[in-house]
Amino acid sequence: MNRKVVSFVSCWLAALLSPLSGAFADEFRTPSISAMRVDWRAVLDQLRQDIGARPAIAANFTFASQRRVPGSDSRATPALVQLNAATSPIFPGIARSPIPVLLPFDAAAWLDARLGGAPDTQSVARYQADFRPADFFDAGASGYDAMFSLEPGAGDGMPPRTFMKPVEVQISGSILVYDLADRLGGKGEPVKALAAQFPDMRRFIREGYVRYAFTRFGIPYVVSIQCLDSAPRPKRLACREAYPVAEHFLKALRVAGGQPSQPRGDIASDVADRPVTPSRDFTYRPSGDIVLGSGGRKQGGHADFTVYSQIRFPLEKAPAYAHSQSFAKRKSDGPADGYPWQDNFCEARSFEVGQCASGYGHQGQDIRPGGCPADSTDGCDPKQQAVVAVRDSVVLRSPLQQAATLQVNTRTEHIRFRYMHMNPSAMDTDGLLNGRVVTEGEKIGVVSNYLDHPNGTSRHLHFDVQLFTRDGWLWVNPYTTLVSAYERLIGGRGREIGPEPAAAAAVARTLPDDVAHHVDIQEGGGN
């Protein structure tokens, strides 16, 4: 039976049997995650080949061959231990990665140069195919993520380009892969120029990025560059212009570190934990029930009952209200803020969202804080309501960007959470930049209205969730994850009240086209 039908029947029964209404609410589920296995023998063979090409340093490395120890024991891979020790000053924590760390860094050439007396202060760009020192590097129990930049005009053989700022190239590899019902997954075209080095490589444009997905040593990796799938523009990179930059990056990839760990098992979906005690007032409409007519190409929302992570709610205090900030109700339909909550993941935008039926959507959920109580005694300021970190995590954000992303990389998760509409200058001043470590519940800003400039949108927080898949980082509907987090914040279980009646879901207005169709995804436009 269709899940929405189940939801409708449940709500109808709940209305008849109100004392037992909580028993008929839809259950929430945790995600299903697959664990990969690393072929460490192939890693050592590759490393031996790279090191062997530099005789001066080859004698300093030990490659175990007949040790009677488990493959996950560090004593079985002394060469990797040595490599991690050598590269960790440049890529801190590289040994934490349970997978081979592939980077555009020629460790053998760098070590050879050091042995020959090259000063440590020499720029590493010479050994990174002219890419600048890493803007971001984070290795954890699930894998690693890194970002490198190429300055305009840098790089041998690079064609002339029209963009005005460095091109940021991201690479991620993970031992954990989220299992999504993904209608677009696995597509792409081969790259002939790289076929010998990456036989299974796929190139495709998805959700605002050109992506190169491949498998090496049994592990999925994805290299991506944010770009426009259109003609070149003076200040924005066209995807076709990004191709040679990405391929220059890929050709330079070498094993830079990593260390075997105990093998992982797949993580099966299960029923998500939720408070048992009903909330007195928190109600929400089902996932996928967006404002009527707000979806792209007249399509509806994307129902997703998965709690992707047990997070702390991103606003410091309740009450908070999840509602559309782009499609307002008529006054006769009731207040724009308040319960019940409503999903707006698949509202019409120009952003590609593979999970939405139209192929386009909002990418996340809009959240507004409640107003300050009239009798407030805690100094509540409606313009200074705190935004907090949802998990212990690492910040992924370059200066001046409107979006701040928090990344979690543990034995059981590889996931990202993005916040938008806080003031970039304030985030820069507060040091909310690449590599900063934040703790769950730590204040990272205030709810604001920044969209290219102050007062560019309504005062709210845009919050979204991205998962690592074989197609790279993909946006998923955060609505159920937020419902679950809010229930823990208020200590009570919400009540699903069923889809909004069509007569009460009229759209009164939308954002202007230049806002709704703003193209700068990573830096926060249009959300």
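The values are calculated or read from the model by the stated rules, or taken from the named source; none is laboratory data. Here the structure is a predicted model, which is why all the values come from computation and not from measurement. Counting neighbours? That spans all protein chains shown, and the Cβs are built from the backbone with ideal geometry, glycine included.
Details
- The condition of being surrounded by fewer than 24 Cβ atoms within 10 Å (Cβ to Cβ), in contact (Cβ under 8 Å) with a residue 24 or more places away in the chain and touching a Ser or Thr at 6+ places or on another chain (Cβ under 6 Å) holds for only one of V408, V387, that being V408.
- Among residues of segment 187-207 that are under 13 Å from A246 (Cβ atoms), those with a beta-carbon under 9 Å from a residue that is polar (S, T, N, Q) at least six positions away or on a different chain give the pairs F198/T215; M201/T215.
- Unique residue being closer than 30 Å to R264 by Cβ and modelled with pLDDT under 95 when the list is P119, P100, P78: P78
- E241 part of a helix (DSSP H, G or I) and in contact with a Pro (Cβ under 7 Å, 6 or more places away or on another chain): yes
- T480 being modelled with pLDDT of 95 or more and not hydrophobic (A, V, I, L, M, F, W, C): yes
- Here F282 meets the list (1) assigned to a loop (DSSP other than H, G, I, E, B); (2) touching a Gly at 6+ places or on another chain (Cβ under 7 Å); (3) more than 22 Å from R418 (Cβ to Cβ); (4) not polar (S, T, N, Q) almost entirely, failing just condition (1).
- Flag if D273 is surrounded by fewer than 18 Cβ atoms within 10 Å (Cβ to Cβ), among the charged types (D, E, K, R) and touching a Cys at 6+ places or on another chain (Cβ under 6 Å): no
- Residues that are touching an Asp or Glu at 6+ places or on another chain (Cβ under 6 Å) and more than 18 Å from L467 (Cβ to Cβ) within segment 393-423 comprise P399, Q401, Q402, listed in sequence order.
- Being surrounded by fewer than 24 Cβ atoms within 10 Å (Cβ to Cβ), without any contact (Cβ under 8 Å) to a residue 12 or more places away in the chain and more than 17 Å from D392 (Cβ to Cβ) is a description that does not apply to T469.
- If you check V390, V408, V394 for being assigned by TED's automatic domain parsing to the domain that holds L451, out of contact with any Leu (no Cβ under 9 Å at 6 or more places or on another chain) and either modelled with pLDDT of 95 or more or outside any loop (DSSP other than H, G, I, E, B) (or both), only one passes: V408.
- Residues within segment 29-49 that are polar (S, T, N, Q) and within 23 Å of the chain's Cα centre (by Cα), tallied: 3
- V177 vs. criteria touching a residue at least 60 places away in the same chain (Cβ under 8 Å), in contact with a helix residue (DSSP H, G or I) (Cβ under 6 Å, 6 or more places away or on another chain), not in a helix (DSSP H, G or I) and not assigned by TED's automatic domain parsing to the domain that holds I415: no
- Within segment 292-312, restricting attention to residues that are at pLDDT 95 or above and of a type in the set (A, V, I, L, M), the residue that is farthest from F463 (Cα to Cα) is A303.
- In segment 414-457, the residues that are surrounded by fewer than 19 Cβ atoms within 10 Å (Cβ to Cβ), out of contact with any Ser or Thr (no Cβ under 9 Å at 6 or more places or on another chain), in contact (Cβ under 8 Å) with a residue 60 or more places away in the chain and not in a strand (DSSP E or B): G435, G441, D452
- Residue match in segment 246-264 (condition: touching a Ser or Thr at 6+ places or on another chain (Cβ under 6 Å), modelled with pLDDT under 95 and not in a loop (DSSP other than H, G, I, E, B)): no
- Segment 182-222 - residue that is of a type in the set (D, E, K, R) and closer than 23 Å to W40 by Cα and, of those, nearest to the chain's Cα centre (by Cα): R216
- Matching entry among V245, V255 (being of a type in the set (A, V, I, L, M), more than 30 Å from P399 (Cβ to Cβ) and surrounded by 16 or more Cβ atoms within 10 Å (Cβ to Cβ)): V255
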